[in-house]
Amino acid sequence: MPPIINKDKCTRCGICVKVCPQDVFFGSKEKAVPIVSYPEECWHCNACGLDCPEEAISLRVPLPQMLLYR
Amino acid sequence: MREETIETDVLCVGGGIAGLMAAIRASELGARVVVAEKGNTVRSGGGATGNDHFLCYIPEIHGSDIDPIIEEARRAVAGGAKRPESFIRAWLEKSFDIVRLWDNWGIPMTYGGQYEFAGHGFPGRPLIWLKYAGQKQKPILTKQTHKTGATIMNRVMIFDLFSAGDTLGALGIDTREDKYYEFYAKSVILATGGCVRLYQGPTPAWMFNLSDPPHTTGDGRAMAYRAGAALIDMEIPIRWAGPKYFARCGKATWVGVLRDQRDLPVGPFVTKPEKKYGDIAADIYTNMFEDYALSGRGPIYMDCRGISQEDYEYMMHWLEQEGNTALLNHMKSEGIDVRKNPVEFSTYEVRPIGGVYYNEKGETTLKGLYAAGDEIVGNISLAATFGWIAGENAAAYSKTLEGLAGERKLDTAMQEKMELVEKIRGRNEGPDWKEVNIVLQQIMDDYAGPVRSETLSKAGLTYLQRLKEKAVETMNASNQHELMHCAEVLNLIELGELILFAAMERRESRGEHKRPDYPFTNPLLDGKTMFIEKGDHQPIVQWKTLG
């Protein structure tokens, strides 16, 4: 479920927790790998991914949102 | 319960593009300014992770006559529609100043050293959308706000407004800690953004998949109404369109042709991908996707096949700046290549085009209360410009008041509001905010959706009243984050009631407001706008001519 944090790359800086407009990381502790408390509230704005200095965050787009194409 | 009281000259409710621009301007004019933002101003609101088109008038590009550009802006659905000429003129006259300001602050407003206009374009007519690289606009505006000395309070949701003598008060919830706020300000600028989560989105089981940010829940509209300011155009629906199931604004950034299953263009404007125009068919007829499907002619695709490599790179660059990186990453991981794969588009959910009435000075109908940006559906340029203008006028108004008059004591209604919030937070069982929001969306879709009528409105109002009572009596929040959602959904119910009421009062069909019980468009209402204000027993409706 979005977002996915690569624990090996994460330096626990907390930027993603700070900026997420939806606060999907609510309840995360300082200096710890963030927890994703409200994954279903992610808007896929990718603020966390854009602002992570370690490129440790990727979004998994949920299946209900998959693009249709031919 | 921890409480804090904060006094200031100008309170900006919301720290999106409009709120920050208002804060910067009011602060540099010497006012004490506080911005209260539900999220974090670095990445919040409609411009959170970008935008790539800025409606403006640049004399060196458009020529010395502003009038054709005003005319063009009035045709733009997002912003110009339904606004009086004086309002559009004030906006466009200021727009180039804002462009230069933003460029100075580090938001790139040129492309290859030039002003580049493209997208949402009609072939043969002036182009009014300046391409700009907005991905970092919010971090940059946040930095500018700090520079002026304004205070930003992140993770604070203001959920109600009240009069406190000559000044205004506001109630706030900390969205992370168990803490509450009372604000007292000489003037308040509402800049809470759009009004979503009222109607079911394209994936109802995945509620937050909406084309505009799901944290913009019309709080400003609901608060303004309760405080006594007028709302307008709440009964006029608008629907965006874009990639099917992945709800996202930015259709004008796509360089392609909207085609049906047989590859025939569905609009009259372009027959091959043209980066200058995009395909504006979807702007002027957003319901096209749904209508085609319902008539058996669907689906419709955004077809970029035939695009040159240079134009493809151009489009991908701007989609990134528009804030669509998640969409681009999804296409990449799924192997979707728009040069080969047409992508299906669809019409998204209903929303009201209207909101808090504000004039060309940013003034609402309530003294000391200003509004800007998407308090009525607009766009980034409008938010930036009217944020600036509202900030200027709110600062000037604040200077005319000696001090913060009024007693620092909540009246009965506000005390009850605070008690309700505490009760919701204190309950251990009952429905959560989401259950309430789901019912609200069901009712809005069925009773004030694509079809409206007197009988539907009356029934819908009864059901919403019942829902509101249940929510007030039983809804619970297990933490401050959920409490924020509870406050949002109570605001949304209030707006739902106003839409049902206003939809009943507009006894005609007009555009997307379809009333089978009044199938005609009433010429007597041409040019008239419905103002709706709080009354003793029910809303007061007045029809006025704007401008």
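A short reminder: the numbers here are calculations on the coordinates, not readings from a lab. A quick note: this is a predicted structure, and the numbers were derived from the prediction, not measured. Positions of Cβ are generated from backbone atoms using ideal geometry, with glycine treated the same way; all protein chains shown enter the neighbour counts.
What translational diffusion coefficient, in µm²/s and rounded to a whole number, does the Stokes-Einstein relation yield for the protein assembly as shown at 10 °C and a viscosity of 1.306 mPa s, taking the hydrodynamic radius as the Kirkwood radius over Cα pairs? Answer, rounded: 65 µm²/s.
For chain B, the residue among B:58, B:307, B:96 whose Cα projects farthest onto the positive side of the dipole built from Cβ charges is B:307. Set against the 2.2 N^0.38 Å expectation for a compact globular protein, chain B has a Cα radius of gyration ratio of 0.94. When the Cα positions of B:10, B:157, B:395 are compared along the charge dipole of the protein assembly as shown, B:157 comes out farthest toward the positive end, with charges on each C-beta of Lys, Arg, Asp and Glu. Distance from the Cα centroid of the stretch B:206-251 to that of the stretch B:410-478 is 18 Å (rounded to whole angstrom). For the stretch B:148-160, putting each phi into the Karplus relation 6.51 cos²θ - 1.76 cosθ + 1.60 with θ = phi - 60° gives couplings of 6, x, 5, 9, 10, 10, 7, 6, 10, 9, 7, 10, 7 Hz, in residue order, rounded to whole numbers and with x for Gly and Pro. Taken as Cα centroids, the stretch B:321-397 and the stretch A:9-70 sit 23 Å apart, rounded to the nearest whole angstrom. With the Kirkwood sum run over all distinct C-alpha pairs, the stretch B:172-224 has a hydrodynamic radius of 13.3 Å.
Couplings 3J(HN,Hα) for the stretch A:55-70, derived from phi with the Karplus relation 6.51 cos²θ - 1.76 cosθ + 1.60 (θ = phi - 60°), are 6, 9, 10, 10, 9, 9, 6, x, 3, x, 9, 5, 5, 9, 8, 9 Hz, where x marks Gly and Pro. Close amide H partners of residue B:130, meaning residues 5 or more places away or on another chain with modelled amide H under 5 Å apart, are B:54, B:55, B:56.
Each of B:36, B:115, B:76 was placed along the dipole of the stretch B:23-165 (beta-carbon charges, centred on the mean Cα), and the one lying farthest toward the positive end is B:36. Given in Å, the Rg to one decimal and the Dmax to the nearest whole number for the Cα atoms of the stretch B:409-488 are 14.6, 45. Under the criterion of Cα pairs below 8 Å and six or more residues apart, the relative contact order for the stretch B:305-375 equals 22 percent. The mean sequence distance of close C-alpha pairs (under 8 Å, at least 6 residues apart), as a share of the length of chain A, puts its relative contact order at 42 percent. The mean number of Cβ atoms from other chains found within 10 Å of a Cβ in peptide B:113-121 is 0, as a whole number. 3J(HN,Hα) along the stretch B:425-433, derived from phi through the Karplus expression 6.51 cos²θ - 1.76 cosθ + 1.60 where θ = phi - 60°, amounts to 6, x, 6, 9, 9, x, x, 8, 4 Hz, with x in place of Gly and Pro. From the largest down, the stretch B:50-145 spans 35, 27, 23 angstrom on the principal axes of its Cα atoms. Placing +1 on the Cβ of every Lys and Arg and -1 on the Cβ of every Asp and Glu, with nothing else charged, gives chain A a dipole about its Cα centre of roughly 140 debye. For the stretch B:142-194 versus the stretch B:33-80, the spacing of their alpha-carbon centroids is 24 Å.
Here the contact order of chain B, divided by its residue count and restricted to Cα pairs under 8 Å and six or more residues apart, works out to 20 percent.
For residue B:521, the residues 5 or more places off, or on other chains, whose built amide H falls under 5 Å of its own are B:509.
With kT/(6 pi eta Rh) evaluated at 25 °C and eta = 0.890 mPa s, and Rh the Kirkwood radius from Cα pairs, chain A diffuses with a coefficient of 198 µm²/s according to Stokes-Einstein. Comparing the stretch B:420-547 with the 2.2 N^0.38 Å rule of thumb, its C-alpha radius of gyration ratio is 1.22 (two decimals).
Overall size of the stretch B:1-79 from C-alpha positions, given as principal axis extents largest first: 57, 28, 19 Å. For the stretch B:92-245, the dipole from Cβ point charges (+1 on Lys and Arg, -1 on Asp and Glu) about the Cα centre works out to 480 debye, to the nearest 20.
The dipole here belongs to chain B: it is taken about the Cα centre, uses +1 on the Cβ of Lys and Arg and -1 on the Cβ of Asp and Glu, and is about 460 debye.
Amide H contacts of residue B:4 (H built 1.01 Å from N, in plane; Pro and chain starts excluded): B:180, B:181, B:182 sit under 5 Å, all sequence-distant by 5 or more or on other chains.
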